[in-house]
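One structure below.
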Amino acid sequence: MSFVFISDPHCNLHDVGDEHPESPARLHAINDRLIASGLDFVIDKQQAIKATKEQLYLAHDKTYVDKVFTTVPQRGCVEINTDTFLMPQSLDAALYAAGANIMAVDLVMQGDADQVFCAVRPPGHHAEYAQAMGFCIFNNIAVAGAYAMAQYGLERIAIIDFDVHHGNGTENIFFDDERVLFCSSFASPCFPYDVGPGNAHILNLPLPLGTYGDEFMQAISEQWLAKLDAFAPQLILISAGFDGHYEDIMGQFNLVETDYHWLTVALKKLAVKHCGGKMISTLEGGYALSALGRSVTVHIKGLMD
């Protein structure tokens, strides 16, 4: 099975200040760790394409998308939500982040790759249908899912979100779309706080602050894996947030690299069984740089296993 790693230099240009945790240093940390691990020399690395407005409209309100395009400042930063900002290069970064996920769908659906990891920023899973949120401008994984259904006629897509924060934006976008089985694990109580119970195809898994890996794995095994198996997805998408690592002060879990590897391998087995191994993973959270680099590396190894 072939693996492709997609990123783009434009994703480093979104920089809203040295004190902001969602910084270009995140991608540098991933690249540094890939080099140190030796993976950098054996994986197929490709540069992203730029998403179009029409592709963004598949997952987002047209008025919202157009507003982002017209709000980008000539200099400085502007606030588009209480915790989300735009600076002059932010739009390009967000378009390449979403575009990487579009490109990933084309690669796996056209048989040019089996698994893809998108090392992109800004992240996306908090961005709702009509608003930015939580450092997220466009919802990268939701754009990928909507595009896969529109372009390739897929009828069953599974989206797994293991970021320490709930993927409220992805839930908001697909809440009424039964073609998408959305599974989100997260610390509770934790941002974004107002999390509902989901529904038959929205499987929210709130876990207590301080959750350890054995508890994390048990909950996922008991509440997700059989339902994912029964759903028989035609494509598996992953919102890969690594801020549940015990070194990450942005999260409040006690996970380690082997926990992320375990989940990745479990999902890979389902992908091989149901959809020829087709999996796309995109970076969400993860702000402790060393832990982020190590965790992404084992995640990629799990995808390639």
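Throughout, read-outs are computed from the coordinates displayed, never taken from laboratory work. Note that the coordinates shown come from a computational prediction; the quantities given were computed from them, not determined experimentally. In this analysis, Cβ positions are derived from the backbone assuming ideal geometry, glycine residues included, and neighbour counts consider all displayed protein chains.
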Quiz prompt | helices (runs of 4 or more DSSP H) enclosed by the stretch 2-89 - at least 1 residues per element that are under 30 Å from Arg179 (Cα atoms), aromatic (Phe, Trp, Tyr) and within 20 Å of the chain's Cα centre (by Cα) | solution = 53-57
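Please work out if Asp114 is exposed (fewer than 15 other Cβ atoms within 10 Å of the Cβ), touching a Phe, Trp or Tyr at 6+ places or on another chain (Cβ under 8 Å), under 30 Å from Met304 (Cα atoms) and not aromatic (Phe, Trp, Tyr).
Numbers: exposed (fewer than 15 other Cβ atoms within 10 Å of the Cβ): no; touching a Phe, Trp or Tyr at 6+ places or on another chain (Cβ under 8 Å): yes; under 30 Å from Met304 (Cα atoms): yes; not aromatic (Phe, Trp, Tyr): yes.
Against the criterion (exposed (fewer than 15 other Cβ atoms within 10 Å of the Cβ), touching a Phe, Trp or Tyr at 6+ places or on another chain (Cβ under 8 Å), under 30 Å from Met304 (Cα atoms) and not aromatic (Phe, Trp, Tyr)), Asp114 does not qualify.
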Quiz item: Out of all the residues in the stretch 236-247, which are surrounded by 24 or more Cβ atoms within 10 Å (Cβ to Cβ) and not small (Gly, Ala, Ser)?
Solution: Ile236, Leu237, Ile238, Phe242, Asp243, His245
Quiz item: Given the residues Thr84, Thr71, which is the only one that is closer than 25 Å to Ala291 by Cα, surrounded by 14 or more Cβ atoms within 10 Å (Cβ to Cβ) and β-branched (Val, Ile, Thr)?
Solution: Thr84
Quiz item: For the stretch 87-108, how many residues are over 25 Å from Tyr147 (Cα atoms) and in contact with a Cys (Cβ under 7 Å, 6 or more places away or on another chain)?
Solution: 1
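Here's the yes/no breakdown for (1) more than 14 Å from the chain's Cα centre (by Cα); (2) hydrophobic (A, V, I, L, M, F, W, C); (3) under 24 Å from Arg26 (Cβ atoms):
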| site | (1), (2), (3) |
| --- | --- |
| Val116 | no, yes, yes |
| Ala130 | yes, yes, no |
| Ala144 | no, yes, yes |
| Ala148 | yes, yes, no |
| His165 | no, no, yes |
| Thr170 | no, no, yes |
| Arg179 | yes, no, no |
| Ser188 | yes, no, no |
| Phe191 | yes, yes, yes |
Practice problem: With a cut-off of at least 1 residues that are aromatic (Phe, Trp, Tyr) and in contact (Cβ under 8 Å) with a residue 12 or more places away in the chain, name the helices (runs of 4 or more DSSP H) lying wholly within the stretch 205-305. | Solution: 213-220, 226-231, 257-275
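Among the listed residues Phe174, Phe135, Phe191, identify the single one that is crowded, with 19+ Cβ neighbours inside 10 Å and within 22 Å of Gly244 (Cα to Cα). Write out each step before concluding.
On the way: Phe174 fails: within 22 Å of Gly244 (Cα to Cα); Phe191 fails: crowded, with 19+ Cβ neighbours inside 10 Å.
Going through Phe174, Phe135, Phe191 in turn, the sole match is Phe135.
Of everything in the stretch 143-174 that's out of contact with any strand residue (DSSP E or B) (no Cβ under 8 Å at 6 or more places or on another chain) and touching a residue at least 24 places away in the same chain (Cβ under 8 Å), which residue is farthest from Cys11 (Cα to Cα)? Give the derivation first.
Just the residues of the stretch 143-174 that are out of contact with any strand residue (DSSP E or B) (no Cβ under 8 Å at 6 or more places or on another chain), to begin with: 143, 146-147, 150-153, 155.
From what is left, the residues that are touching a residue at least 24 places away in the same chain (Cβ under 8 Å) are 143, 146-147, 150-152, 155.
Details: Val143: 17, Ala146: 22, Tyr147: 21, Ala150: 26, Gln151: 25, Tyr152: 27, Glu155: 31 Å.
Restricting to residues being out of contact with any strand residue (DSSP E or B) (no Cβ under 8 Å at 6 or more places or on another chain) and touching a residue at least 24 places away in the same chain (Cβ under 8 Å), the top hit is Glu155.
Hey, could you check the stretch 247-295 for residues that are among the basic types (Lys, Arg) and touching a strand residue (DSSP E or B) at 6+ places or on another chain (Cβ under 8 Å) and say which is farthest from Ile102 (Cα to Cα)? First the steps, then the outcome.
Taking the stretch 247-295 as the starting set, the residues that turn out to be among the basic types (Lys, Arg) are 268-269, 273, 278, 294.
Among the residues that remain, those that are also touching a strand residue (DSSP E or B) at 6+ places or on another chain (Cβ under 8 Å) are: 268, 278.
Details: Lys268: 20, Lys278: 14 Å.
If we take residues in the stretch 247-295 being among the basic types (Lys, Arg) and touching a strand residue (DSSP E or B) at 6+ places or on another chain (Cβ under 8 Å), then Lys268 is farthest from Ile102 (Cα to Cα).
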